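The values are calculated or read from the model by the stated rules, or taken from the named source; none is laboratory data. Worth saying up front: this structure is predicted, and the values here are computed from it rather than measured. A quick note on method: Cβ atoms are made from the backbone with ideal geometry, for glycine too, and the neighbour counts reach across all protein chains shown. Ligands, DNA and RNA are stripped out before the accessible areas are found, and what is left, the full protein with its side chains, is counted by its heavy atoms. Shrake-Rupley method; radii C 1.70, N 1.55, O 1.52, S 1.80 Å.
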Amino acid sequence: MITAVALGSNLGDRLESLRVARKAIFDLANVKPSILSSAVYETEAVGCEPGARKFLNAVVEFEYQGDPTRLLEQLIQIEEALGRKRDHPQNVSRTIDIDLLYCGDQQINEERLQLPHPRLHLRAFVLRPLADIRPDLVLLHEKKTVSDLLADFKDSGAVVRFAESW
């Protein structure tokens, strides 16, 4: 299944956290080529604590052969290995945030896993990097391409290209 995850970091060496997370994902046994990586973008920390540092965000896409629930468990293990605590409050600064965006055309609506990600189309900090690698993708339950969704975005805040290759 063509699968994508969003990566974000606003603590420590943000770019290195994205690199380490991406490598850990690509090293998973059920992850196969083809592998695509967006550019890295810097964005305001939306909804975080006052004075929170800006986030670096990227999207990676790969072929995944397995159960999406198992992949979610592996992504959580990667987050924890990079210092993210499971009992953190929502919308706080973090060394790494990994969100599973989609796994092929799978539709899952469970407490721990919703696919496709239910807020993907509402987040410019995800749509912008996703448009780098899949501009013509029409997400499940959407009528517009990723590029068109991004173009229609009214209040995206500043989404600034930070690094082309990483």
All positions within segment 108-153 that are within 20 Å of Asp97 (Cβ to Cβ), more than 15 Å from the chain's Cα centre (by Cα) and of a type in the set (D, E, K, R): Glu110, Glu111, Arg112
Collect the residues in segment 122-133 that are open to solvent by 50 Å² or more (accessible area, probe 1.4 Å) and either aromatic (Phe, Trp, Tyr) or under 12 Å from Leu7 (Cα atoms) (or both), keeping them in residue-number order. Phe125
Counting only residues that are in contact with a strand residue (DSSP E or B) (Cβ under 6 Å, 6 or more places away or on another chain) and under 12 Å from Val40 (Cα atoms), segment 122-132 contains a total of 5
Among the residues of segment 111-120 satisfying the criterion of being without any contact (Cβ under 8 Å) to a residue 40 or more places away in the chain and over 20 Å from Asn57 (Cα atoms), which is surrounded by the most Cβ atoms within 10 Å (Cβ to Cβ)? Gln114
Check segment 92-100 and report whether any residue there is open to solvent by 50 Å² or more (accessible area, probe 1.4 Å), on the phi < 0 side of the Ramachandran plot and either free of Cβ contacts under 8 Å to residues at least 60 places away in the same chain or assigned to a helix (DSSP H, G or I) (or both). no
In segment 1-34, anything exposed (fewer than 14 other Cβ atoms within 10 Å of the Cβ) and touching a Phe, Trp or Tyr at 6+ places or on another chain (Cβ under 9 Å) is listed as Lys32, Pro33, Ser34
What number of residues within segment 53-90 are open to solvent by less than 80 Å² (accessible area, probe 1.4 Å) and farther than 17 Å from Asn10 by Cα? 14
I'd like the full set of residues that are open to solvent by 50 Å² or more (accessible area, probe 1.4 Å) and outside any loop (DSSP other than H, G, I, E, B), limited to segment 134-154. Val138, Asp148, Ala151
